[in-house]
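Worksheet: one structure, shown below.
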Amino acid sequence: MPHVTEPDLRGIRHLHCIAIAGVGMATLAAMLKERGYRVTGSDREIYPPMSDFLAQADIPVIQGYQGENLSPAPDLVVVGNAVSRTNPEVAALLDTAIPYISFPQAVGAFFLADKRPLVVAGTHGKTTSTALLAWVLAQAGRSPSLLVGGISRNFGQGYCLGSGRDFVIEGDEYDSAFFDKGPKFLHYRPQAVLLNAIEFDHADIYQDLDQIKSAFRRLLEIIPSGAPIVACNDFPEVLHVARSVGKPFVTFGLNERADWQAHDIRDDGRQLAFTITRGQHAWGRFTCPLMGRMNVRNALGVSALAEMVGLSAHEVAPGMASFLGVERRQELVGEAKGIAIIDDFAHHPTAVTVAIEAVQLRYPGRRIWAVFEPRSNTCRRKVFQKPLTEALGRADRILLGPVFTKPQDPLAAADLFAPAELVADLQARGKYARAGSSVSDLCTRLTAECRAGDVVLVMSNGAFGGLPCQLLTTLQNG
């Protein structure tokens, strides 16, 4: 039952992925398939869009976890972090001589050895910034590779295997596997890091903010001496971590103390326009179809790192102007009866705040509905009870879905986020706020109470029962 850190790639033909249905594992499976390996997988539940994605990649997937899935024996097993030691297929694996590794170890071993990994990390903004950086490099003719935890609308998927030197990769701070509780990004061999934000999150694996900071500190510590580090100084903990490592870094942010700043930010209803300065000198005027000041900040960090790896403002501009974003990141699902519906991945008070502010900037004067599902491992807990009240209170009307149930992360009732308490707190401030009992309940209320001109911002780090599309269809057919 050997766990390997550096597999001998010469002897590997068939890889099997346990817990393949996650976005990251499914993407890795497709990358391996494109490289010519035979890839199989297993998962407890597999359904669209991941089932369709894997079928299109011609990767067979077995429903359910069982020891029989390992026969005939693959050359190497990739174990996802969604399964534990007690999983029946994992337990069977541990009784064999089949070597196994984690998802991030596989990424490092199979794809990063001969590349320059540009790692984008941080509590917020890393998915959009990763996809943006890769697209900027691609439009500049660099032919980068990409691995991101979402579907890039420019690349049409969550990865790209380019011929160029650079591999742009989203650096996730979540743990790697049951046998490796360290963050994924420690396996990505960083030769440059873009660090967007550091705040508390992932309450199921990190006890406090200090543990989060320690993880990011370890990332910066393994960067080679002299390699580019770009850090956002809008978040104090980013500066604290970057300074503690003792390596040179440049800063970016929406403040006057940053090395890279943005000025004259405008939104004309279709795109953002802003001027980037470097060291108080104008670097260029840019446009980008995204919305919100958070995405201006993302563009700042990408510009700073792009310049440090050799691109000029003139080379950055085409990628910025043609960037289509990432699915479920402030994505306009559609408009019906004058009501716009936006789907967003926000699941942290800061992300909720900037998502609402972005919609207000793009749709000035329109009534904003914030519809939120307490789904993430942190938001299901009371830890963000009060901060979420402040964040959601920025909207005109607030609806809450029920707390998502996760069998693999059971919580005592006293530890659960309380939608009724948040609603009461908001109502005490004079806000319209309601808690729905189901997705159907929320859709019915929105259909009945929304009026032409409203914008419905749906926020969840999961599917939220398909609420955005369900609401759009109901409005179209009503």
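A short reminder: the numbers here are calculations on the coordinates, not readings from a lab. Worth saying up front: this structure is predicted, and the values here are computed from it rather than measured. Methodologically, a virtual Cβ is constructed for each residue, glycine included, from the backbone with ideal geometry; neighbour enumeration extends over all protein chains shown.
Taking 25 Å as R0, compute the FRET efficiency from the Cβ-Cβ separation of LYS33 and SER143 and round it to 0.05.
With a Förster radius of 25 Å, E is 0.80.
With r defined as the distance between the Cβ atoms of ALA414 and SER84 and R0 fixed at 25 Å, what FRET efficiency is calculated, to the nearest 0.05?
That pair, ALA414 with SER84, gives E of 0.50.
What shape does the stretch 1-142 take by its C-alpha gyration tensor, where a ≥ b ≥ c are the square roots of the eigenvalues and a/c under 1.5 counts as rounded, a/b above b/c as prolate, and the rest as oblate?
prolate
Quick one: go through the stretch 168-205 and flag any residue whose amide nitrogen is under 19 Å from the point 7 Å out along the Cα-to-Cβ line of LEU94.
Counting only backbone N, you get 175-182.
So what's the gap between the Cα centers of the stretch 255-285 and the stretch 401-459, to the nearest angstrom?
36
Along each principal axis of its Cα atoms, how long is the stretch 331-477 end to end? Whole angstroms, biggest number first, please.
For the stretch 331-477, the Cα spread along each principal axis is 43, 29, 23 Å.
Could you list which residues have their amide H under 5 Å from that of TYR174, counting only those 5 or more apart in sequence or on another chain, with H placed in the peptide plane?
LYS184
Considering only C-alpha atoms, what is the centroid distance from the stretch 100-177 to the stretch 183-208, in Å?
So the separation of the two Cα centres works out to 15 Å.
Using amide H atoms built in the peptide plane, which far-off residues or other-chain residues are under 5 Å from PHE252 H to H?
For PHE252, whose amide H was placed from the backbone, the distant partners under 5 Å are ALA231, CYS232, ASN233, ASP259, TRP260.
With a ≥ b ≥ c the root eigenvalues of the C-alpha gyration tensor of the stretch 409-477, is it rounded (a/c under 1.5), prolate (a/b larger than b/c) or oblate?
oblate
Check which residues have an amide H placed less than 5 Å from ALA435's amide H, if you skip close sequence neighbours.
Counting only residues 5 or more places away or on other chains, the set is LEU400.
At a Cα cut-off below 25 Å, give the lysines reachable from LYS33, other chains included and same-chain residues fewer than 8 away excluded.
Counting by Cα, and skipping residues close in sequence, LYS33 has these lysines nearby: LYS115, LYS184.
Using a simple spin-label model with points 7 Å from Cα along the Cα→Cβ vector, what separation in nm is obtained for THR447 and ARG270?
A separation of 3.4 nm, rounded to one decimal place.
What distance in nm separates the simple spin-label points at SER71 and LYS181, each placed 7 Å from Cα in the Cβ direction?
About 3.5 nm, to one decimal.
Given a Förster distance of 45 angstrom, what is the FRET efficiency for ASP8 paired with LYS386, based on the Cβ-Cβ distance and rounded to 0.05?
Using R0 = 45 Å, I get an efficiency of 0.30.
According to a simple spin-label model (label point 7 Å from Cα along Cα-to-Cβ), what is the distance in nm between LYS337 and GLN63?
3.7
Checking the cross-link filter: which lysines have an alpha carbon closer than 28 Å to that of LYS386, excluding same-chain neighbours under 8 positions apart?
LYS126, LYS213, LYS406, LYS431
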